Amino acid sequence: MDMQQSQESQESIVESLDEDHLQMLVQHAYDTDTVRAMEQPLLEQGEPLMRHAAAAVATNVLQLLESFDLDEHARITVLAGAGDNGGDGLFAGALLAKRGFPVTAIAVGRTLHDDAYRTFIESGGHIWVLDAANTIPGCPSEFSAGEAGERFEQAMEFASNSHIIIDAMTGIGAQGALRGIAGSVAQTLGALLDELRAHDSNDDMQRPYVVAVDTPSGIGVNDGSLPGPYIPADMTLMFGAMKPCAILPPACSACGEIWLVDFGFDLESHDPAGSIVGMDLAAAAIRQVMPTDAKYSRGVTGLITGSQQYPGAAVLSTTAAAHTNIGMVRYMGPTRAQDLVLHALPEAVIGKGHVQSWVVGSGVPVRTAEEEADLQQQSIEALLAHYALSEDGSNEEAYAMPAIVVDAGALDLLPDHVPSHVVLTPHMGELTRLLTRLGVDVDEDTVRNQPLQYARMAAKMTGATVLLKGSLTIVVQGGQFADDQVFVAGRAPAQLATAGAGDVLAGMLGAILAQNADLVQPSVPSGDESDHDDEAQVAQAIAEIAGAAAYLHGLAAALASKAKQRGWHRAHLFGIDDLDEEHFPIGRPIVASDVVKKIAAAIGKLQNN
Ligand SMILES: NC(=O)C1=CN([C@@H]2O[C@H](COP(=O)(O)OP(=O)(O)OC[C@H]3O[C@@H](n4cnc5c(N)ncnc54)[C@H](O)[C@@H]3O)[C@@H](O)[C@H]2O)[C@@H](O)CC1
Ligand SMILES: Nc1ncnc2c1ncn2[C@@H]1O[C@H](COP(=O)(O)OP(=O)(O)O)[C@@H](O)[C@H]1O
Ligand SMILES: [K+]
């Protein structure tokens, strides 16, 4: 099959698919086992998936060369691993070599995909081997350590002077951090590319443009981590479906622009490992007001936030909650904070009363071991004690409590085991502190590098739902029988990184939980297996609602700052979307109060969509 045939057959796959399928493609990510399971029936039917993959890579590279005004002298380097990912890269290289481009493949392993290697050589491609123990037919081997070193250096020099690098070292078969020569290549080239990228936008092709095949080599495909050196890509051509690394920090940044090559996988029959929170999910979390509503039926949120030291957090969290489509807010805190809350929000009711959700801890200082808990900390501790589960999970009162958002200083007061409608909202530093308190030996850099793994650890250890804040906000489900599906909200522009933004989110999340009180109330576990599904369903609803709050928060920030930039941009569909360069204005600076002022507009936008 040549490039045109493969491309036509690719386009016919694309045309035959419906909008729902395309929507699923850009919203859900599937782990590598699931991707292999979805590939299997197609391979059994004889679909030449590898040829489709290679044709897509070659087509994209040709488009890039054209857009960069490069002719047949453009230098193209393929970093080729020994597996099928290398096979994709070599087949793509063969198609480009056939078009007359000089293409060199740097073999990082001891072997190469047989058929792809033969085709590559027949098409005029050149091979550069690095491993003295390689058994690649017709290539030099058993060279000295000195020569191996020289070869490596020359190869890196060559690659860094090429126009296009096709990274095909590892794809979904990657296990852990890159080892051996692949690891050294990623170490040397990855660092160089990062440095060049920091100084240059590459509008003028002053550094190699990196196209990753399926996934950038060296990243954690299933958990989005960066376990070791990796090759940062400008663009990733991803096959069949998004893998979790496409949507999870920090690996998703290493993917660059993502182009999805649709293979017509049966996505509908498989569970995603992760999902991007979009407008639909966010809109579904906003309760429609009804003619029969009264303030109480719309939901009431109680807040124990702010302190003598940080009274502003009380104002931000309370005003945010009040603006997020509920009937009333109740505020509890020091007199100074009460006064400020009432000044900003005369509608607030001061003092205790019946509520459908709680928000605690925003702007409450962390309690140090030496200090006595102040009144605010004592109230929070007393409230949180009602959510404590004993080791065997029995404590019926905990399940009957309203949903609660545990933020900032309250994270230190969390009981050991709680139900899933306790939603923790740490940033990376707070998650590190929480895990340390739970006895995990971890520092903040490690958490930053593997946020999913550590958010999940906190959820598993405590039972709580965990919303981990950052440029992308990830939500992992709590509860004993929860699904592993992670939700990622990437709607926020970087302008949201401003003091008090987290207090606003806590208030908004509290309000969204209150208006969905019936959906987020876990029942007391009966021990009966048939109830596990119900429990899992509630845990998922809570996680979706938390994701929805993060989305709405990001959208309000985008409206306030007039930014188009986001933490994550939708993947492009190969064969459907255009390669046109998009621009995402970063918007103007904002403060957290500006976000509160745009919550109503953001809700309006969701409801009118
Ligand atoms: N299965 C299929 O039908 C299709 C697979 N495709 C391609 O095939 C890829 C998967 O191929 P494979 O299963 O062969 O796996 P990969 O080629 O992704 O990875 C396996 C190779 O990487 C090496 N490797 C793994 N972990 C390493 C590490 N930590 N350090 C150094 N080397 C490491 C292994 O020794 C092996 O040589 C996909 O990502 C995709 O690119 C596509 O061609 C589409 C169809
Ligand atoms: N680079 C970024 N891009 C988009 N959103 C961000 C970025 N950095 C932080 N945020 C968001 O800003 C908020 C900051 O919250 P937090 O760290 O708790 O701040 P504070 O304690 O000052 O309120 C979170 O919702 C987080 O997701
Ligand atoms: K790759």
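Quick notes on this structure:
- Looking at 348, 373, just one residue is free of Cβ contacts under 8 Å to residues at least 60 places away in the same chain, open to solvent by less than 70 Å² (accessible area, probe 1.4 Å) and touching a strand residue (DSSP E or B) at 6+ places or on another chain (Cβ under 9 Å), and that residue is 348.
- Qualifying residue in region 195-216 (condition: within 21 Å of residue 472 (Cα to Cα), within 16 Å of ligand 1 (Cβ to nearest atom) and modelled with pLDDT of 95 or more): yes
- Test: residue in region 275-287 that is without any contact (Cβ under 8 Å) to a residue 12 or more places away in the chain, surrounded by fewer than 17 Cβ atoms within 10 Å (Cβ to Cβ) and closer than 19 Å to residue 507 by Cα: no
- Condition met for residue 79 (buried (at least 21 other Cβ atoms within 10 Å of the Cβ), within 13 Å of ligand 1 (Cβ to nearest atom) and assigned to a strand (DSSP E or B)): yes
- Filter result (open to solvent by 10 Å² or more (accessible area, probe 1.4 Å) and either touching a residue at least 60 places away in the same chain (Cβ under 8 Å) or not assigned by TED's automatic domain parsing to the domain that holds residue 302 (or both)) within region 318-345: 319, 322, 323, 325, 326
Residues checked against (1) open to solvent by 10 Å² or more (accessible area, probe 1.4 Å); (2) not assigned by TED's automatic domain parsing to the domain that holds residue 110; (3) not β-branched (Val, Ile, Thr):
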residue: 149; (1), (2), (3): yes, no, yes
residue: 178; (1), (2), (3): yes, no, yes
residue: 182; (1), (2), (3): yes, no, yes
residue: 197; (1), (2), (3): yes, no, yes
residue: 208; (1), (2), (3): no, no, yes
residue: 214; (1), (2), (3): yes, no, yes
residue: 219; (1), (2), (3): no, no, no
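- Residue in region 431-442 that is among the hydrophobic types (A, V, I, L, M, F, W, C) and either at pLDDT below 95 or within 14 Å of the chain's Cα centre (by Cα) (or both) present: no
The values are calculated or read from the model by the stated rules, or taken from the named source; none is laboratory data. In this text, all values refer to a predicted model and were calculated from it rather than measured experimentally. Ideal geometry is used to build each Cβ from the backbone, glycine not excepted, and the neighbour counts take in all protein chains shown. These accessible areas exclude ligands, DNA and RNA; they are computed on the full protein's heavy atoms, side chains included. Shrake-Rupley method; radii C 1.70, N 1.55, O 1.52, S 1.80 Å.
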